[in-house]
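All remarks here apply to the structure that follows.
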Amino acid sequence: MDLHPDFRDLLAEFVRSGVSFVVVGGYAVGHHAKPRATKDLDLLVSGAPGNLARAATALEAFGAPPAVVASTRALGPTEVVYLGVEPVRVDVLRTIGGVETEAVIGRGTSVDLGGGLVVPVIALDDLIANKRAVGRPRDLADVALLERARAARR
């Protein structure tokens with residue numbers, strides 16, 4: 001997974017702070033199948049007690065604006081916190097379509113990004129379920145790509 005240095009730094013803070021999360025979206029598609037252009041890094045975070053506070057702490061250590069830190073600390077189940085500007089934007093979410101957050105985080109795949117940084121990425125089957133449920137043309141194209149990658153692995 002080829003990441004912008006700011007994304008690497010933020011992911012390192014999430015790992016260091018013990019945030020329960022997985023990478024989802026376009027970067028997850030790139031990991032499981034084939035890299036493609038994406039406008040942001042999507043992070044699905046657990047709403048379990050204390051986890052949003054850890055995510056806020058990680059964002060603060062990263063240097064996020066105080067409003068982003070505060071919004072993350074109080075992130076509601078259907079809200080999204082945005083940090084940065086496309087194509088170096090981060091979206092922090094508590095839910096995504098078609099899957100259950102805690103189960104997805106529990107099944108995440110560990111990915112070694114080098115330099116001692118290992119991050120969790122949504123499992124392939126969960127990513128396919130999510131993309132299928134969202135159903136936008138880009139997501140359905142991702143489903144076809146991901147299903148081919150899954151078939152090739154079998």
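The values are calculated or read from the model by the stated rules, or taken from the named source; none is laboratory data. As the structure is a computational prediction, the values presented were derived from the model and not from experiment. Positions of Cβ are backbone-derived with ideal geometry, glycine not excepted, and every protein chain shown enters the neighbour counts.
Observations on the structure shown:
- Restricting attention to the stretch 44-60, the residues that are touching a strand residue (DSSP E or B) at 6+ places or on another chain (Cβ under 9 Å) and hydroxyl-bearing (S, T, Y) total 1.
- Failed item in (1) closer than 18 Å to S20 by Cβ; (2) surrounded by fewer than 17 Cβ atoms within 10 Å (Cβ to Cβ); (3) among the β-branched types (V, I, T), with V85 passing the rest: (1)
- One residue alone among D126, D91, D112, D139 is under 25 Å from S20 (Cβ atoms), of a type in the set (D, E, K, R) and either touching a Gly at 6+ places or on another chain (Cβ under 6 Å) or exposed (fewer than 15 other Cβ atoms within 10 Å of the Cβ) (or both), and that residue is D112.
- Long-range neighbours under 9 Å by Cβ, at least six apart or interchain, first residue in contact (Cβ under 8 Å) with a residue 24 or more places away in the chain within the stretch 96-112, second aromatic (F, W, Y): I105/F21; G108/F21
- Whether a residue is at pLDDT 95 or above, among the basic types (K, R) and more than 16 Å from the chain's Cα centre (by Cα) was assessed, and R154 does not pass this test.
- Reported count of residues in the stretch 93-117, each being among the polar types (S, T, N, Q) and in contact with a helix residue (DSSP H, G or I) (Cβ under 8 Å, 6 or more places away or on another chain), is 2.
- Checked against the criterion of being exposed (fewer than 13 other Cβ atoms within 10 Å of the Cβ) and in contact with a helix residue (DSSP H, G or I) (Cβ under 7 Å, 6 or more places away or on another chain), the stretch 25-36 has at least one qualifying residue.
- Which numbered condition G97 misses (of (1) among the small types (G, A, S); (2) under 23 Å from G30 (Cα atoms); (3) out of contact with any Lys or Arg (no Cβ under 9 Å at 6 or more places or on another chain)): (3)
- Verdict on V111 being in contact with an Asp or Glu (Cβ under 8 Å, 6 or more places away or on another chain) and within 16 Å of F14 (Cβ to Cβ): no
- Residue check: G18 meets all listed conditions (1) over 16 Å from T72 (Cβ atoms); (2) in contact with a Lys or Arg (Cβ under 9 Å, 6 or more places away or on another chain) but one, namely (1).
- Only a single criterion out of (1) in contact with a strand residue (DSSP E or B) (Cβ under 6 Å, 6 or more places away or on another chain); (2) more than 15 Å from V121 (Cβ to Cβ); (3) of a type in the set (A, V, I, L, M) is not satisfied by L41, namely (2).
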